[in-house]
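Colleague: Sharing a structure below in structure tokens format, with a few things to ask.
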Amino acid sequence: MVEATDAIAQAIMALQAIEQELLLFAAFWFLVGALDDIGVDLCWLWLKLTGRAHVPRITRQEAAAPLRGRAAILIAAWQEAEVIGHTVGHALSSWRQADFTLYVGCYANDPATIAAAMSGAGDDTRVRIIIHESAGPTTKADCLNRLYAGLCEDERRHGYRFRSVVLHDSEDMVHPAELAVIDSALGDVDYVQLPVRPEPQQGSPWVAGHYSDEFTESHAKALIVRDALGAAIPAAGVGCGFSREMIARIARLRRAEGAAAPFAAECLTEDYELGLLVRRHGGTSRFLRLRDAEGDLVATRAYFPARLEDAVRQKARWIHGIAFQGWDRLGWSRSIADLWMATRDRRGPLTAIVLACGYALIVIEGVLAMAWFAGARPQMAISPVLRTMLALCFCSFVWRMLVRFAFTAREYGLGEGLRALPRIPVANVIAIIAGRRALAAYLRSLRGATVSWEKTRHDAHPVTAVAGGAAAR
């Protein structure tokens with residue numbers, strides 16, 4: 001009995017030691033992350049107070065203005081039969097301009113997607129469906145490169161030159177003003193990014209809903225700050241437009257490095273990288289947040305993953321491509337603003353570790369609390385430094401909750417703003433699992449494993465909700 005009691009006491013002491021180490025580690029990194037986020041918050045507040053974060057409105061005439069030159073819209077599609085027809089059909093009905101070509105990349109071994117794309121296109125001559133020579137899936141970037149080759153072939157065949165190249169995904173619901181806004185902005189810069197607006201889904205208020213919270217805060221605050229600081233703007237891969245000359249310049253530079261075309265087929269986040277390459281190669285960029293005459297955000301709307309496993313798969317790909325491949329492929333900039341933003345972009349793996357430590361502490365504290373109530377251990381004294389750190393962590397968490405609520409409620413309404421608070425732990429759990437999965441995938445790639453297109457599953461399209469009367473704002 002005495003031996004058992006001693007063993008329990010030793011186990012409790014060991015657990016207390018682990019508790020102290022984890023508290024120090026987690027509290028330190030939570031505070032570092034809090035300072036990072038508060039820095040962005042303060043920058044945004046300054047921009048808001050000085051009027052530089054004002055969201056202008058465009059008139060109906062500006063939204064429907066003719067394009068100054070031809071636009072090419074590229075969409076890569078693999079196993080997207082459920083959504084690609086809606087995307088193509090809605091884009092054609094929304095964009096009234098005649099001077100654009102919608103390129104849809106498909107694969108011969110995916111006839112359902114080809115049929116859906118053809119159905120959405122109907123007899124509209126503004127659509128060109130290109131069948132990839134290779135069997136799918138390859139990578140999204142590889143499919144985009146095939147579309148770029150088709151674009152170049154059309155320019156040679158018809159004797160014209162596109163003015164802009166716009167990227168979209170197969171599940172996107174575009175805004176009617178998008179092409180006119182991008183076309184106008186490209187008169188001053190080489191690349192422009194419009195916001196992305198994840199649409200709420202009744203069947204998945206927690207998993208799908210957490211995307212609304214994160215994208216709203218990112219695209220209503222963080223990217224505005226990034227743009228104001230003059231840092232490079234990463235491309236989201238949707239609602240982003242590039243000048244034809246900039247795409248051609250990047251293509252030439254990549255060919256000089258032995259690559260085939262402008263999109264990095266070996267990279268999981270080729271869109272993110274492409275946006276940063278614009279600045280690296282002497283171009284200029286802009287993040288534009290506008291509202292139309294009715295007050296709707298000029299943004300790309302889409303349904304994001306509604307199932308936990310799909311959200312984890314998507315976010316693991318983002319972490320792998322941005323944090324791990326981004327570090328390897330892009331390195332670090334000497335610009336203070338770019339260095340700060342790159343650090344924010346690549347903190348995903350560390351965030352997953354710190355969050356995992358935080359949740360491990362909750363379990364440990366529960367065990368130790370039971371031991372304390374049972375009289376098996378005295379409460380351990382907390383040092384003044386650690387006590388101060390924990391108090392600051394609590395205050396920063398309350399601040400983060402208020403900020404998350406405010407931005408989500410502003411865009412989606414009070415109900416979604418309130419739901420954003422209990423969605424925080426949902427987002428944290430997804431981040432932890434995705435971080436582990438991304439690290440495992442990266443380690444496999446270091447051992448020679450091939451990077452493949454682990455695409456996100458799409459079963460529904462927001463245009464169907466609009467058709468049913470649930471129009472999104």
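What follows is calculated from the coordinates using simple rules that are stated; it is not laboratory data. Note that the structure is a prediction, hence the values are computed from the model and not measured. Here Cβ is always computed from backbone atoms with ideal geometry, including for glycine, and neighbour counts include all displayed protein chains.
Colleague: Just from its helices, what would the mean residue ellipticity at 222 nm be for the chain, if runs of 4 or more DSSP H residues each count -39500 (n - 2.57) and the sum is divided by every residue, rounded to the nearest 500 deg cm²/dmol?
Modeller: -18000 deg cm²/dmol
Colleague: What label, among (1) 1.02; (2) 1.18; (3) 0.99, belongs to Rg/Rh (Cα atoms, Kirkwood Rh) computed from the structure on display?
Modeller: Among (1) 1.02; (2) 1.18; (3) 0.99, the one calculated here is (1).
Colleague: To continue, here is another question. Treating cross-link reach as a plain straight distance, find the lysines whose alpha-carbon is under 22 Å from the alpha-carbon of Lys221, omitting any fewer than eight places away in the same chain.
Modeller: Answer for Lys221, where 22 Å is the Cα cut-off: Lys48, Lys315, listed by chain and number.
Colleague: Please identify the helices of the chain, taking whole runs of DSSP H, that span at least 30 Å along their own axis as judged from the Cα atoms and have a mean Kyte-Doolittle score of -1.0 or higher.
Modeller: 2-49, 348-373, 384-412, 423-446
Colleague: Follow-up question, since we're still on this one. Taking the Cα centre of the range 224-375 as origin and charging only Cβ (+1 Lys, Arg; -1 Asp, Glu), how large is the dipole, in debye to the nearest 20?
Modeller: With only Lys, Arg, Asp and Glu charged at Cβ, the dipole is about 460 debye.
Colleague: Could you pull out the trypsin sites (Lys or Arg not before Pro) across the range 97-168 that fall in loop regions by DSSP (anything but H, G, I, E, B) with no more than 15 other Cβ atoms inside 10 Å?
Modeller: Arg161
Colleague: Now a separate question. If packing is taken as the average count of other Cβ atoms within 10 Å, what order do 70-81, 362-373 fall into, highest mean first?
Modeller: Sorting 70-81, 362-373 by mean packing, highest first, produces 70-81, 362-373.
Colleague: Now a separate question. Packing-wise, with mean Cβ within 10 Å as the measure, how do 251-263, 234-246, 19-31, 175-187 rank, highest first?
Modeller: Packing proxy ranking, top to bottom: 234-246, 175-187, 19-31, 251-263.
Colleague: Just to check I understand the Karplus step: with θ = phi - 60° and J = 6.51 cos²θ - 1.76 cosθ + 1.60, what whole-Hz values come out for the range 230-239, glycine and proline as x?
Modeller: Working through the residues one at a time gives x, 7, 5, 9, x, 8, 7, x, 9, x Hz.
Colleague: Looking at Leu24, Met13, Asn145, which one has the Cα that reaches farthest to the positive end of the dipole of the range 1-159 (charges on Cβ: Lys, Arg +1; Asp, Glu -1)?
Modeller: Most positive-ward Cα: Asn145.
Colleague: Same structure, new question: Kindly rank 416-423, 430-437, 85-92 from highest to lowest mean number of other beta carbons found within 10 Å of each residue.
Modeller: Averaged packing, sorted descending, gives the order 85-92, 430-437, 416-423.
Colleague: If the reach is capped at under 16 angstrom between alpha carbons, list the aspartates and glutamates near Lys140, excluding any in the same chain fewer than eight residues apart.
Modeller: Glu80, Asp110, Asp169, Glu171, Asp172, Glu266, Glu270, Asp271, Glu273, Glu454
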